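J.: Starting off with a structure, shown below.
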Amino acid sequence: MKDITLNTKWIIKAPLTVVFNIVTDFEKFPEYFPKVAESIRIVKREGDYIEIDAVVKSFGRNFPVKMKTQILPEKGYISDNESPVFGTSGHEELVLSEHTKGTVIDYTYQVAIHKRWLRIVAKPLIGWFSMKFWEKAVIDELRKRVEK
């Protein structure tokens, strides 16, 4: 199995609480981030721990994903995600911190590639494409929503 770790940071010109409220409102992801989320269903909630059945969009297709997510109050979230159809699993961390210009989003995704064919193209395809796609589909949409 091949693991790839993706990490980058962005600054959003908005208060941390505003960014936090949007990036942890998973049920509204299809509305907020339609290029990423087709549907989100919370199947279990215990305090700040939630389990989610999602249909996500990636590489021009929709894939079911199971997410086990811990919301970090006023800090972001961490999530362990499984996508058997796509052949990946991953550990995702979205951590927020205050910045003089607004809020820093520190995003890390460690992905394990389970399908042999995907390992061949995994690093360039998932590494470069995924972060560019995430920036356009999530960060740019977030900026449109909160930056004035």
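Please treat every number below as a calculation from the coordinates, not as lab data. Please read all numbers here as calculations on a predicted model, not as lab measurements. Glycine also receives a Cβ, built like all others from the backbone with ideal geometry; neighbour counts cover every protein chain displayed.
J.: Counting just the Cα atoms, what span does the chain cover along each of its three principal axes? Round to the nearest Å and put the largest first.
T.: Here the spans come out as 44, 33, 22 Å, largest first.
J.: Run the reach check for Lys9 against aspartates and glutamates, Cα to Cα strictly under 18 Å, same-chain hits fewer than 8 apart removed. What comes back?
T.: Once the sequence-local aspartates and glutamates are set aside, what remains near Lys9 is Glu74, Glu92, Glu93, Glu98, Asp106, Glu135, Asp140, Glu141, Glu147.
J.: Under a GNM of the chain (C-alpha, springs under 10 Å), which listed residue has the highest mean-square fluctuation: Ala137, Ala37, Ala54?
T.: Answer for the Gaussian network model of the chain: Ala137.
J.: For Ile50, what is the net charge nearby, where nearby means another residue's Cβ is under 10 Å from its Cβ and Lys, Arg count +1, Asp, Glu -1?
T.: So the surrounding residues net to -1.
J.: Order 39-50, 70-81 from most to least packed using the mean count of other Cβ atoms within 10 Å. Kindly include the intermediate steps, with their values, before the conclusion.
T.: Details: 39-50: 12.3, 70-81: 16.2.
Put in order of decreasing packing, that is 70-81, 39-50.
J.: Grab the Cα-Cα distance for Glu93 and Gln70, subtract it from 0.36 nm times how many residues apart they are, and report the gain in nm with one decimal.
T.: Gain on stretching Glu93 to Gln70: 7.3 nm.
J.: While we're looking at this one, here's another question. Let me check I've understood the local charge: for Lys66, count other residues with C-beta under 10 angstrom from its C-beta, Lys and Arg +1, Asp and Glu -1. What total comes out?
T.: Around Lys66, the surrounding residues sum to -3.
J.: When only C-alpha pairs under 8 Å and at least 6 residues apart count, what is the relative contact order of the chain, in percent?
T.: Averaging sequence separation for qualifying contacts and normalising by length gives 29 percent for the chain.
J.: From Cα pairs below 8 angstrom and at least 6 apart in sequence, can you work out the relative contact order of the stretch 51-107, rounded to a whole percent?
T.: In percent, rounded to a whole number, it is 22.
J.: Next question. What pairs in Lys57/Lys144; Lys66/Lys101; Lys44/Lys144 have C-alpha atoms more than 26 Å from each other?
T.: The pairs that break the limit, which is 26 Å between Cα atoms, are Lys66/Lys101; Lys44/Lys144.
J.: Next up: Sum up the charges of everything whose Cβ sits under 13 Å from the Cβ of Arg143, counting Lys and Arg as +1 and Asp and Glu as -1, but leave Arg143 out.
T.: Its environment carries a net charge of +2.
J.: Give, in nm to one decimal, the length gained when the segment between Ser130 and Val43 is fully stretched (0.36 nm per residue of separation minus the Cα-Cα distance).
T.: Result for the pair: 28.7 nm of gain on full extension.
J.: Related question: What percent do you get for the relative contact order of the stretch 1-74 when only Cα pairs under 8 Å and 6+ apart count?
T.: Numbers: 91 pairs, mean separation 15.4, N = 74.
Relative CO of the stretch 1-74 lands at 21 percent.
J.: Here's another thing I want to ask about it. Less than 16 Å from a label point 7 Å out along the Cα-to-Cβ axis of Asp140: which backbone N atoms in the stretch 49-91 qualify, by residue?
T.: Residues passing the 16 Å test: 58-60.
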